[in-house]
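Quick notes on the structure that follows.
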Amino acid sequence: MDVSIAWWLGVVGAILAMLAVDLLFFHREAHEVSAREAGVWTVVWVTLGLGFGGIVAWQFGLDYGGQYLAGYVIEKSLAVDNIFVFAVIFSAFAIPPKFQHRVLFWGVLGALAFRAIFIAAGAALLDRFHWTIYLFGLLLVVTAWRMLKHRDHKPDPASNPLILWMRRHVPMTPHFDGQKFFTFENGRRLATPLFAALVAVEIADVVFAVDSIPAIFAVTSEPFLVFTSNAFAILGLRSMYFFLADMIRRFEYLSVGLAGVLGFVGVKMLLIDVYKIPTVVSLGVVVGILAVSVLVSLRLTRGQRAGVEDHRPVESETDRLDVEV
């Protein structure tokens, strides 16, 4: 796949422009994102992601368009797992709903940067040492098994070693100062709880990237397709979080489906030199696994409350940070 530097610059420029429009024109003022607003933005980002797949198919051929689409679906499905972690992080640091979008916005920028680095490193490894594809495959199979084994485990971002180190060494305040990550109190520059939440979000994405980046290499080895499918999948994470956060408890068996997806792509990578599973088949299997896990979850949790009580804290809860920070 011959991709010119103009394509790379054009895509990166378009992504940055979309983020700038999102922040400066639609979310400049802090406000709680409604389900309706989040739903509209989710449709916008998904449409852009799928539309770019059409552009890839038009410019580079249907095969590459199919590889992009398969990668996009895999990354989008794995990104859903981030939503639950985001909810836990915002609850742990008592971030009011109206400030959560700003944390996720800058979290997305960091995620794009980290993933670009991981993609470049992964592509270089696969290009120079073909056998590393078996390590990626084995990593995904092990991750799938661990996901099944610990599916009921609830993460505790506040106990992460880096967060604990930051609380000991970075001057912090338990109080919010609007949407600011840093503020001044008594002449001292202090980090606000928003900064701690941002660090936790970035840590979570690095952990997820270790799983998701190898997964997409199972359907395409083209760095351009790997990056763009990741980028467009991540861009819609913020709106998807606000759209699904209140009903995430109903997706009880989604983690089983995600483990199935990781296990499948891991096996595909392990068999790459024996039998190459067609992209269309891979896409069908991934969509099928996810559809079954979602339908089973919704059926078995019918009638349960959709709300996530502890994931959408109110501002009065910030008082408990006086003890934690």
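The values are calculated or read from the model by the stated rules, or taken from the named source; none is laboratory data. Given the structure is predicted, the values throughout are model-derived calculations rather than measurements. So basically every Cβ, Gly included, is an ideal-geometry build from the backbone, and we count neighbours across all protein chains shown. Areas reflect the complete protein model, heavy atoms only, side chains present, ligands, DNA and RNA absent. Shrake-Rupley method; radii C 1.70, N 1.55, O 1.52, S 1.80 Å.
Remarks
- In the structure shown, the pairs K98/K149; K76/K276; K76/K180 are assessed against 28 Å; a Cα-Cα span above that value is assigned to K98/K149; K76/K180.
- Ratio of Rg to Rh for the stretch 1-122: 0.99 [Cα atoms; Kirkwood radius as inverse mean 1/r over pairs].
- Approximate spin-label separation K276-F129, in nm, with each point projected 7 Å along Cα-to-Cβ: 2.3
- Expressed as a whole percent, the accessible surface of the stretch 1-152 that belongs to carbon and sulfur atoms is 70, based on a 1.4 Å probe.
- With protein chains left intact and a 1.4 Å probe, residues in the stretch 88-155 average 51 Å² of accessible area per residue.
- Mean separation of Cα contacts under 8 Å (6+ apart) over length of the stretch 39-176, as relative contact order %: 20
- Extension gain, N186 back to R146 (0.36 nm per residue minus Cα-Cα distance, nm): 9.6 nm
- Measuring r between the beta carbons of Q59 and M18 and using R0 = 22 Å, the FRET efficiency lands at 0.65.
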